[in-house]
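Bear in mind these aren't lab numbers, they're just calculated from the coordinates by the rules spelled out. Here the structure is a predicted model, which means the values were calculated and not measured. Note: ideal-geometry Cβ built from the backbone for every residue, glycine included; neighbour counts use all protein chains shown.
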Amino acid sequence: MKAVVFDRVGPPAEVLSVRDVPRPTPGRGEVLVRMLASPINPSDLMYIAGRYGLRPQLPATPGFEGVGVVEASGGGLLGWIRKGKRVAVINDRVGNWGEYTVTTARQVIPVPEELPDEQAASFFVNPATAVVMTTDVLRVPPGEWLLQSAAGGALGKMVIRLGKKNGFRTANVVRRPEQVEELAQLGADAVLVEADGPIDEQVKALTNGAGVKYAVDPVGGKTGSEVIASLGAGGRCLLYGSLSDEAITLHPRKLLSAAIRVEGFWLADWAKRQSIPRMLRLFRRVRALMTDGTLRSDIAATYPLDRVSEAVTHAAAPGKGGKVLLRIGERGA
Ligand SMILES: NC(=O)c1ccc[n+]([C@@H]2O[C@H](COP(=O)([O-])OP(=O)(O)OC[C@H]3O[C@@H](n4cnc5c(N)ncnc54)[C@H](OP(=O)(O)O)[C@@H]3O)[C@@H](O)[C@H]2O)c1
């Protein structure tokens, strides 16, 4: 079968190639999935570059999520039940950027017929993170402000729609002014442009000097530092990414005097600590919110597997305007 492979970590467009490799065999409790499509997420790019929390065992095939059809089970009741189903494929062992992949039967989730492959491909990583951070971890109450940076990205847009649905107000930081109108149309309550001045000063003006109680930041560096500085008394910020690859500056007095909390959030780690029934409830919530459009992803472009270098270059470009997908196979094939 064809798969994207890298032998060394480094710039994705340089280190990736498409090769013929043996088709993997599922063990007991695992399934073989014929892949249809997979998104190129920032986590994939960081994994290939060797800048992710999980180190690749080389040679490696990237791809944490995607959509496919279960072709075979390696044994066990759940795998047998899933056989023939179109499923969202979560793969914490990675390897979804190939014609076939193997993962545990528990990590394939049947997707509704009406959900196109392009949406089903991004069923878990961003949607679950947006839902869990806002409603399970921070539990942002209706009427409260949630401040977020990188608000014009795929996950940021989901948070804006969740705010509309659940009644919390979103203050959205973007680096490109042309996104102000787009996010306002989506339901953003405020859009702050980084170039218009320090984020904390803009937030003070928005909140009559009080600051916000809830914030999420996937950027780090200057942006993340200013997001943290925007917290009011008792405020809490989740750091869930490192897009700028730069450290955050935090004065200890802010932690002491305003009693703020700054924590990391990583979905994979959170999910490991949840019971199976709780994860099943999360999958049901995500499925419903994907079907009603709340957790929809805009698609910027779709590339075949053998144009993976172009695809990763596009996915890393500023202002790409949506998810870049790898189209790997067709439903009826
Ligand atoms: N912790 C977890 O479990 C978890 C789970 C899911 C996602 N994430 C993280 O969430 C983040 C967003 O993911 P996504 O899929 O929404 O990505 P995406 O669609 O590629 O969007 C990224 C957004 O970040 C902005 N951005 C990129 N670099 C920036 C920088 N240096 N300064 C300011 N803004 C910057 C981009 O702005 P432009 O539009 O101007 O290019 C874009 O709006 C990523 O860091 C990802 O790793 C974490």
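Values computed for the structure shown
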read-out	value
GNM flexibility winner over the chain from Leu305, Leu192, Leu77 (Cα, springs under 10 Å)	Leu77
Sequence of Ser297, Ser257, Ser230, Ser17 once ranked by neighbouring C-beta atoms within 10 Å, starting from the fewest	Ser257, Ser17, Ser297, Ser230
Subset of Lys222/Lys320; Lys222/Lys254; Lys157/Lys272; Lys204/Lys320; Lys2/Lys320 violating a 24 Å alpha-carbon distance limit	Lys157/Lys272; Lys204/Lys320; Lys2/Lys320
Whole-number percent relative contact order across the range 68-191, with pairs defined as alpha carbons under 8 Å at least 6 apart	16 percent
Relative contact order (%) - the chain, alpha-carbon pairs under 8 angstrom, separation at least six	18 percent
Whether the range 133-267 is rounded, prolate or oblate, judged on the alpha carbon gyration tensor where a/c under 1.5 counts as rounded	rounded
Size of electric dipole in the chain: Cβ of Lys, Arg +1 and of Asp, Glu -1, about Cα centre, debye, nearest 20	1200 debye
DSSP bridge pairs, the chain: antiparallel proportion in percent, nearest 5	50 percent
From phi via Karplus (6.51, -1.76, 1.60), per-residue ³J(HN,Hα) for the range 269-278 in Hz, x at Gly/Pro	6, 4, 4, 4, 8, 9, 6, 4, x, 5
Leading residue at positive end of dipole, the chain (Cβ point charges), from Leu238, Ile48, Pro318	Leu238
Residue-count net charge about Val18 - beta-carbon cut-off 11 Å; Lys, Arg +1, Asp, Glu -1	0
Computed E for Arg139/Ala268 - FRET, C-beta separation, R0 22 angstrom, nearest 0.05	0.55
For Asp189, distant residues with modelled amide H under 5 Å away	Thr170
Neighbour-count ranking [beta-carbon atoms within 10 angstrom, fewest first] of Thr249, Thr291, Thr207, Thr129	Thr249, Thr291, Thr207, Thr129
Residue with peak Gaussian network fluctuation, the chain [Cα springs, cutoff 10 Å], from Met158, Met290, Met279	Met279
J(HN,Hα) series, the range 297-307, from Karplus relation 6.51 cos²θ - 1.76 cosθ + 1.60, nearest Hz, glycine and proline x	10, 6, 9, 7, 6, 10, 10, x, 3, 6, 10
Efficiency of FRET from Cβ geometry, Asn208 and Arg253, R₀ 22 Å, rounded to 0.05	0.50
Candidates Pro177, Pro252, Pro110, ranked by Gaussian network fluctuation over the chain, Cα under 10 Å, top entry	Pro252
Backbone HN-Hα couplings from phi across the range 140-156 [Karplus 6.51/-1.76/1.60, Hz, Gly and Pro as x]	5, x, x, x, 7, 7, 10, 9, 9, 9, 6, 5, x, x, 4, 5, x
Relative contact order [Cα under 8 Å, 6+ residues apart], the range 133-267, whole percent	20 percent
Sequence of Lys213, Lys164, Lys272 once ranked by neighbouring C-beta atoms within 10 Å, starting from the fewest	Lys272, Lys164, Lys213
